[in-house]
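I have placed the structure first, in the form of structure tokens, so that the comments after it can refer back to it.
The values are calculated or read from the model by the stated rules, or taken from the named source; none is laboratory data. No experiment lies behind these values; they were computed from the predicted model shown. Cβ coordinates were reconstructed from backbone atoms using ideal geometry, including for glycine residues, and neighbour counts include every protein chain displayed.
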Amino acid sequence: MYPPRSQKHQTGKKARRKRQGRTWGYVNLGLLAVIVLLIGYYLLTQKAHTGGSAQESRNPEHQTAGQTAEQQTDERQGAVPGSGEEAGNSGPETSSEQPAEEAADPPPPDQTGTPPDQETVGAQQDQPAGNGSKQAEQEGKQETGKNSDSGKAKPQQDQIPEKAASGGTSDAPSGQTIRIHFVGDMIFSGKVETLLESKGYSYPFTYLGDLFKKDDLTLGNLETPVTTRGVGAKNKTYVFKSSPKALDALRAAGMDAVTLANNHILDQGEEGLLDTVTHLGASGIKYVGAGKNAARAYAPEYFSIKGMKVALVGASRVYPESSWAAGTSKPGVASAYGQAPEVLKSIAEARKNADLVIVMAHWGIERQSTPDANQKALAHAFVDAGADLIIGAHPHVLQGLEQYKGKWIAYSTGNFIFTKSTVPATWKTAVFEASCRPEGGCGMKLIPYKTELGQPVPMTPDEGKKLMQEMQQLSIGGVRVSGDGTVTTGSAR
């Protein structure tokens, strides 16, 4: 006898529900497995970043997704990928292959795995930090001045006295003005080294004459380790290595101090950085922005010139990975990522001890002629902390000037002693001249040059006027640049 139709219907319905329940159970198990796999992948990725990833995310020195081999040819030809050796011959460098421009400065992961690029000025800084104000060592901290006849450092003078937070008073004679020259990126590696070995290490300074010998202070960006040892960085596409012979010629030309805060100073590892410091000491050139530990890297360097106290601070917001930042007992660079608390602390310390505070910053995007948001925010924060004059580097092209609260900011000085690419913007540079008075305030002037292979060459008058017009167009906030290079502004803010 067949069951009633209603009973048969109920039995079929229950069977269908069981089948549907089993089906949904399988689906849920599958989804759960996918979630577990995604979480595991995320944790493994974060662990790899926290340990110091070997990749250089969006680093202008490295290939990015979608770039071709032709686009990766280095602007600074002569640097072989993964080595400090030069490529090709020592003739003029006119390759048509160029690397693609980057959209942002390199964001190395910080110690928690968070790219500092995602932070804003004022956010928590996670880079290794030292105590730049209390642990600063005395090595290399003596005050020096330049003998206008020889360009050599003067004998050590008395220690700079402590001053009020506002900057204190100066014992410089009223109306006394000091003249300071700033130049951009300098290397003595690859094809530049080949050229200098042939023509002599004084070759880069042929057209400079005694410009740097007769001023009061000359400062530049040394974008290379100076060493005969070291192991080339394996996680970088281009690494530099320069001979100690270059420093003697650089000092003889009148260079007084350099910043080491950049994305190449550790190209030959910590050994290369420490050798650089040793060779700089032997040549008599002072340095800031890197050192054997954080205390030394962040510490200001002081000079006494015509009774005026000058402080110099260096910091970088561009380097390939967080391990390059100086630590409490670890060699490295002074980091300007995130809030840059140690840099601000160094500037505040310098403000107490000096009449004039200069900050040399490594930042921005390669081959971009306008400063990015990070450059502007950091520059303003540096001025708010006590800086009087800010000089930038890294883009390899000139960027404009800005006056903020009466203080000058030169966002990029371009190349100075470098190789030569086929990108015309990288051929243009200038010597930035600041005339500063002890009661405050600096005047600015630009002296136009062309960057030939390993040598800056003066521009013709017409070329110089054209460059000054370009600099005025690139500058911010009503800054004017006259044909002779004098920089003024109609409205100091």
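Taking the stated definitions as given, is LEU312 part of a helix (DSSP H, G or I) and either among the small types (Gly, Ala, Ser) or buried (at least 21 other Cβ atoms within 10 Å of the Cβ) (or both)?
On the way: part of a helix (DSSP H, G or I): no; either among the small types (Gly, Ala, Ser) or buried (at least 21 other Cβ atoms within 10 Å of the Cβ) (or both): yes.
Against the criterion (part of a helix (DSSP H, G or I) and either among the small types (Gly, Ala, Ser) or buried (at least 21 other Cβ atoms within 10 Å of the Cβ) (or both)), LEU312 does not qualify.
Only one residue in ALA233, ALA249, ALA261 is assigned to a loop (DSSP other than H, G, I, E, B), under 20 Å from VAL277 (Cβ atoms) and out of contact with any strand residue (DSSP E or B) (no Cβ under 8 Å at 6 or more places or on another chain), so which one is that?
ALA233
Being modelled with pLDDT under 95, within 28 Å of ILE390 (Cβ to Cβ) and assigned by TED's automatic domain parsing to the domain that holds VAL277 is the requirement here; does LYS236 meet it?
Numbers: modelled with pLDDT under 95: yes; within 28 Å of ILE390 (Cβ to Cβ): yes; assigned by TED's automatic domain parsing to the domain that holds VAL277: yes.
Yes: the conditions hold for LYS236.
Mind listing whichever residues of the stretch 449-478 are crowded, with 22+ Cβ neighbours inside 10 Å and part of a strand (DSSP E or B)?
The answer is TYR449, THR451, GLN455, PRO456.
Pairs only if they're at least six apart or on different chains, beta carbon under 7 angstrom, first in the stretch 363-387 and closer than 20 Å to ALA311 by Cα, second of a type in the set (Ser, Thr, Tyr) and not in a loop (DSSP other than H, G, I, E, B); list them, first residue then second.
So the pair list comes out as ALA379/TYR404; HIS380/TYR404; VAL383/TYR404.
Filter the stretch 252-279 for residues that are of a type in the set (D, E, K, R) and in contact (Cβ under 8 Å) with a residue 60 or more places away in the chain; which is nearest to PHE418 (Cα to Cα)? Quick ask: steps written out before the conclusion?
Step one: filter the stretch 252-279 for residues of a type in the set (D, E, K, R), giving 256, 267, 270-271, 275.
In the following step, the residues that additionally are in contact (Cβ under 8 Å) with a residue 60 or more places away in the chain were identified as 256, 267, 270.
Numbers: ASP256: 19, ASP267: 16, GLU270: 23 Å.
For the stretch 252-279, the residue satisfying everything is ASP267.
Residues THR224, THR194, THR218: which one is at pLDDT 95 or above, in a helix (DSSP H, G or I) and of a type in the set (S, T, N, Q)? Steps first, please.
Working: THR224 fails: in a helix (DSSP H, G or I); THR218 fails: in a helix (DSSP H, G or I).
Just a single option satisfies the conditions, and that option is THR194.
With respect to SER283, is the statement that it is out of contact with any Cys (no Cβ under 8 Å at 6 or more places or on another chain), surrounded by 20 or more Cβ atoms within 10 Å (Cβ to Cβ) and within 23 Å of PHE182 (Cβ to Cβ) true?
Numbers: out of contact with any Cys (no Cβ under 8 Å at 6 or more places or on another chain): yes; surrounded by 20 or more Cβ atoms within 10 Å (Cβ to Cβ): no; within 23 Å of PHE182 (Cβ to Cβ): yes.
It is false that SER283 is out of contact with any Cys (no Cβ under 8 Å at 6 or more places or on another chain), surrounded by 20 or more Cβ atoms within 10 Å (Cβ to Cβ) and within 23 Å of PHE182 (Cβ to Cβ).
Quick check: anything in the stretch 364-372 in contact with a strand residue (DSSP E or B) (Cβ under 6 Å, 6 or more places away or on another chain), assigned by TED's automatic domain parsing to the domain that holds GLY269 and either β-branched (Val, Ile, Thr) or not in a strand (DSSP E or B) (or both)? Break it down into steps so the answer makes sense when it comes.
Within the stretch 364-372, the first condition is being in contact with a strand residue (DSSP E or B) (Cβ under 6 Å, 6 or more places away or on another chain), and the residues that meet it are none.
Checked against the condition, which is being in contact with a strand residue (DSSP E or B) (Cβ under 6 Å, 6 or more places away or on another chain), assigned by TED's automatic domain parsing to the domain that holds GLY269 and either β-branched (Val, Ile, Thr) or not in a strand (DSSP E or B) (or both), the stretch 364-372 yields no hits at all.
So in the stretch 352-363, with the set limited to residues that are over 16 Å from the mean Cα position of the chain (by Cα) and either outside the structural domain of SER316 (by TED's automatic domain parsing) or part of a loop (DSSP other than H, G, I, E, B) (or both), which one is surrounded by the most Cβ atoms within 10 Å (Cβ to Cβ)? Reasoning before the result, please.
First, pick out the residues of the stretch 352-363 that are over 16 Å from the mean Cα position of the chain (by Cα): 352-357.
Filter once more, keeping what is either outside the structural domain of SER316 (by TED's automatic domain parsing) or part of a loop (DSSP other than H, G, I, E, B) (or both): 354-355.
Details: ALA354: 25, ASP355: 27.
Going through the qualifying residues, I end up with ASP355.
Can you tell me how many residues within the stretch 382-440 are assigned to a strand (DSSP E or B), charged (D, E, K, R) and closer than 21 Å to MET186 by Cα? Working first, answer last.
Going residue by residue through the stretch 382-440, those that are assigned to a strand (DSSP E or B) are 389-393, 398, 401-404, 407-410, 413, 415-418, 428-436.
Still in the running and charged (D, E, K, R): 402, 407, 428, 433.
Still in the list and also closer than 21 Å to MET186 by Cα: 428, 433.
Qualifying residue count, the stretch 382-440: 2.
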